[in-house]
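Structure record follows, encoded as structure tokens.
What follows is calculated from the coordinates using simple rules that are stated; it is not laboratory data. Only a predicted model underlies this, so the values are computations on that prediction, with no experimental measurement involved. Glycine also receives a Cβ, built like all others from the backbone with ideal geometry; neighbour counts cover every protein chain displayed.
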Amino acid sequence: MKACKRFALVLSAMSLTLACAGLAKTQSFSLEQVTSSPFPSDLVTTKRGDRIAWAFDAEGKRNIWIAEAPTFVARQLTHYDSDDGGELTDLVFAPSGNLIAFARGGEQGKNSAGEYTNPTSDPAGTKKEVWAVDTRTGRITRIGEGESPIFTAVGDQVLWIRGGDLLTAPAIGGKERKLFEMRGNVSAPTWSPDGTQLAFASMRGDHSFISIYEIRTNQLRFISPSVDRDTAPRWSPDGTRIAFIRQFSVPDTFSIDRDRLQPWAIWVGNARTGEANQIWRSGDADNDSYPGNQDQAFWQWTAGDRLLFSSERDGWAHLYSIPAAGGAVISLTPGDFEVDSAALSPDRSFVIFSANKNDVDRRHLWRVDVAGGAPQEVTRGESIEMYPVIFDGGRQVAFFHSTARDPFMPFTARLDGANMKPLAPQALPRDFPAAKLVVPEQVIFKAADGWDIHGQLFKPANASGKMPALVFMHGGPVRQMLLGWHYLYYYHNSYAMNQYLASRGYMVLSVNYRSGIGYGRGFRMAQHRGARGASEYQDVYAAAKYLRERDDVDKKRIGLWGGSYGGYLTALGLARNSDVFAAGVDFHGVHDWSQRVAGLPLQFTNQEQNRVARESSPIASVDKWKSPVLLIHGDDDRNVEFSQTVNLVRRLRANNVYFEEIIYPDEIHDFLLHKDWLRAYHAGADFFDKHLK
């Protein structure tokens, strides 16, 4: 009705009726419907592969689901029934498969007061706690306050981390105790194959050690301690050796022209004596820098006494293997694409990985032997597959799957990709509007300096005439938007919003600007990005130029929106080019790089760097800002300081710039409450209607 009242100022009664009828026809589903699909995460399997489990976030109600051999029919295991912000993470099976330990609650300690997140402002406060659920009965048991649970080898005890300490308690519940006293914070604990020794990284600020705790003797020892950062211990299959990553101590500086180079190496040590040797070292070029993604899947001891690891040595994120004794490195995934997630087979002989090989703006599954050979395609087509887990005795693979219209859901298939089917189709609401969604088009346009920039174009169905348009920028910025529903929760929501905006008659262009992933390290680490010069803004401007040159877009009605880094680029567009962007919606954006951003200031070493950082910020051009903006921010944001929005508003008020605001007390960066996403997205759509229609 608001849109109709505005049209009444310029249209006759007859044309008013036609215009409103057109809007009603365009919007064929509600925001509530398109955001109703449950978002899956934390896909895990038992060691035997006879059970798989995952978490579903269904409109803020987070629960564990399970599927068991031989039928692998999915069922809901826990029954939390409120949108209370309690995240459900860290799923792990007991060795028997009869229990799943998990963490429930919000993060702790990342704000200035070290508090737990409390988005509902509960007067009793909140905690993050470890629980265990019986996979047969669904009975849940509180284990203790903390996170990152693991079971002992026999499954009778649960270990978990709280405040950097390692605690233990009976798996059926009972009195907790510290496993040992030690300086530093425990990270990445992992059991030896026989379950008698625990290896972990002892984090100590500017250095860290690989440590081993022996249960039988109640003793701690270290593996080749040094002044460097040793992390990610991995046991050899026979339990006699430990492989780990060593990041060499280098100055932690901020440079205008070049990123910090982080050389690193792979070391293998004797688990009994503590003696270790370097078996491989990175080079000293930019591409050799530590990739930072040596997670459980990418860094493993494999069959044939080899080690699997990842590197960007050729400019792309790829998998490699090397003999544990040292020797020639084999590139397992060569080519101009990036590996995003992976799973090692039960016999450790091959890897199933997800990558944008041959399909740069999607993800598919591939298979490769750890000893080398050509990767074999597992999935293909206009879909996205991520986070594989091999189960059923190594005969099947489970993963998350989506298309342009079908949201991310758990699927299974044989190892060759055959017999692909949904694992829990009953979890998708019956009125989810899949058939009414548009299929985004891949578009590629050039920035002013000649770079090719990829985007996804959402065109309203049955649109005609010149329509309003929006440019969307993701956050991160180490992200890539895809030609379908996204595999990360934040962007799963953003994709739903872009579909909803298209249903309301907006053409939406989602931009994969430089500094994102998917197009190689050179693209991600582009010079002068962000606080170094905002080089990625030319990609946003190029997106607007692309829209302005289209015959079906009204160039006077182009807006932009985004969150976090996308909020930064939204504000930058409004500050620098209110002549191009007529309105914007800025979710928790960075507005001044020279001030506190995420708890700590950037490490500027001289006035020139500080000057460039400020000139790269929206605040530097705020005097040119004319267009209206909606600002949305939670005041317990632990990624972007709330003061970034406070300080911007002061300047907007001083310049009489029209703004609206939605402020969430006690909400964090990635909103924990589903209702907060709905309110923000409704307000964003209405704001654009007010200023662009």
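If contacts are Cα pairs under 8 angstrom and at least 6 residues apart, what is the relative contact order of the range 438-692 in percent? It would help to have the intermediate numbers written out before the result.
Values: 551 pairs, mean separation 43.3, N = 255.
In percent, rounded to a whole number, it is 17.
Note down the magnitude of the dipole of the chain about its Cα centre, charges +1 on Lys and Arg C-beta and -1 on Asp and Glu C-beta and zero elsewhere, to the nearest 20 debye.
Values: 77 positive and 80 negative charges, 205 e Å.
With Lys and Arg at +1 and Asp and Glu at -1, about 980 debye.
Using the Karplus curve 6.51 cos²θ - 1.76 cosθ + 1.60 with θ = phi - 60°, work out ³J(HN,Hα) for each residue of the range 55-72 in order, rounded to whole Hz, and write x for Gly and Pro.
Those phi angles translate into 9, 10, 10, 9, 6, x, 8, 9, 8, 8, 10, 9, 9, 10, 5, x, 8, 6 Hz.
Under 12 Å from the Cβ of Ala620, count the other residues' Cβ atoms, weight Lys and Arg +1, Asp and Glu -1, and hand me the total. Present the calculation step by step, with values, prior to reporting the outcome.
Details: positive: Arg576, Arg611, Arg614, Lys624, Arg651; negative: Asp592, Glu615, Asp623.
That works out to +2.
Take Ser224, Ser617 and order them by how many other Cβ atoms sit within 10 Å, fewest up front.
Working: Ser224 21, Ser617 25.
So the residues, fewest neighbours to most, are Ser224, Ser617.
Using only Cα atoms, figure out Rg for the chain and give it as a multiple of 2.2 N^0.38 Å. Could you put the intermediate results ahead of the total?
Details: Rg = 25.8 Å, N = 693, 2.2 N^0.38 = 26.4 Å.
Taking the Cα Rg and dividing by 2.2 N^0.38 Å, one obtains 0.98.
Could you name the lysines whose alpha carbon sits less than 22 Å from that of Lys127, not counting residues in the same chain fewer than 8 places away?
Lys61, Lys110, Lys175, Lys178, Lys675
Please work out the FRET efficiency for the pair Gln76 and Asp431, using the Cβ-Cβ distance as r and a Förster radius of 25 Å; give the result to the nearest 0.05.
On the way: r = 20 Å, r/R0 = 0.78.
Result of the calculation: an efficiency of 0.80.
What does DSSP give for the range 438-692 in terms of the percent of beta bridges that are antiparallel, rounded to the nearest 5?
On the way: 11 of 37 bridges.
The answer is about 30 percent antiparallel.
How many angstrom separate the Cα center of the range 389-414 from the Cα center of the range 422-450?
18 Å
Please work out whether the range 438-692 counts as rounded, prolate or oblate from its C-alpha gyration tensor, where a ≥ b ≥ c are the square roots of the eigenvalues and a/c under 1.5 means rounded, while otherwise a/b larger than b/c means prolate and anything else oblate?
Values: a/c = 1.39, a/b = 1.22, b/c = 1.14.
Because its axes are fairly even, with a/c under 1.5, the range 438-692 counts as rounded.
Just add up the charged neighbours of Ala575: K/R +1, D/E -1, any other residue whose Cβ is under 9 Å from the Cβ of Ala575. If you can, show how the numbers build up before the last one.
Values: positive: Arg576, Lys624; negative: Asp623.
Net of charged neighbours comes to +1.
How many angstrom separate the Cα center of the range 507-556 from the Cα center of the range 53-84?
One Cα centre to the other: 38 Å.
Quick check: from the Cα gyration tensor, does the range 430-510 come out rounded (a/c under 1.5), prolate or oblate?
Details: a/c = 2.20, a/b = 1.21, b/c = 1.81.
Since a/c reaches 1.5 but b/c is at least a/b, the shape of the range 430-510 is classed as oblate.
Neighbouring Cβ atoms within 10 Å as the yardstick, rank Met525, Met409, Met481 fewest first. Provide the component values of the computation, followed by the final result.
Values: Met525 18, Met409 21, Met481 25.
Listing Met525, Met409, Met481 from fewest to most nearby Cβ atoms yields Met525, Met409, Met481.
Apply the a/c threshold of 1.5 to the C-alpha gyration tensor of the range 561-658 and tell me whether it is rounded, prolate or oblate.
On the way: a/c = 1.85, a/b = 1.29, b/c = 1.43.
The shape class here is oblate.
Tell me, what ³J(HN,Hα) does each residue in the range 379-390 have, in order and in whole Hz, if you take phi through Karplus 6.51 cos²θ - 1.76 cosθ + 1.60 with θ = phi - 60° and put x for Gly and Pro?
10, 7, x, 8, 9, 9, 10, 9, 6, x, 9, 8
For each of Val553, Val439, Val154, Val629, count neighbouring Cβ atoms within 10 Å of the residue's Cβ, then give the residues from fewest to most. Let's see the in-between values first.
Details: Val553 20, Val439 14, Val154 11, Val629 29.
Listed from fewest to most nearby Cβ atoms, that is Val154, Val439, Val553, Val629.
What spacing in nm lies between the two simple spin-label points modelled at Val443 and Lys466, each 7 Å away from Cα in the Cβ direction?
Each label point lies 7 Å from its Cα, and together they span 1.6 nm.
Given the Cα-Cα distance of Asp165 and Arg204 and 0.36 nm per residue of separation, how much length would full extension add, in nm? Walk me through the intermediate numbers first.
Numbers: separation 39, 0.36 × 39 = 14.04 nm, distance 1.27 nm.
Extra length available between Asp165 and Arg204 comes to 12.8 nm.
Each residue of the range 657-665 in turn: what ³J(HN,Hα) in whole Hz from Karplus with 6.51, -1.76, 1.60 and θ = phi - 60°, glycine and Pro shown as x?
After applying 6.51 cos²θ - 1.76 cosθ + 1.60, I find 8, 6, 9, 10, 9, 10, 10, 9, x Hz.
Place a point 7 Å from the Cα of Asn419 along the Cα-to-Cβ direction; which residues of the range 373-410 have their backbone N under 14 Å from it?
Counting only backbone N, you get 391-398.
At a threshold of 8 angstrom on Cα-Cα distance, excluding pairs fewer than six apart, so keeping six or more, what relative contact order does the chain reach in percent?
Dividing the mean separation by the residue count of the chain yields 10 percent.
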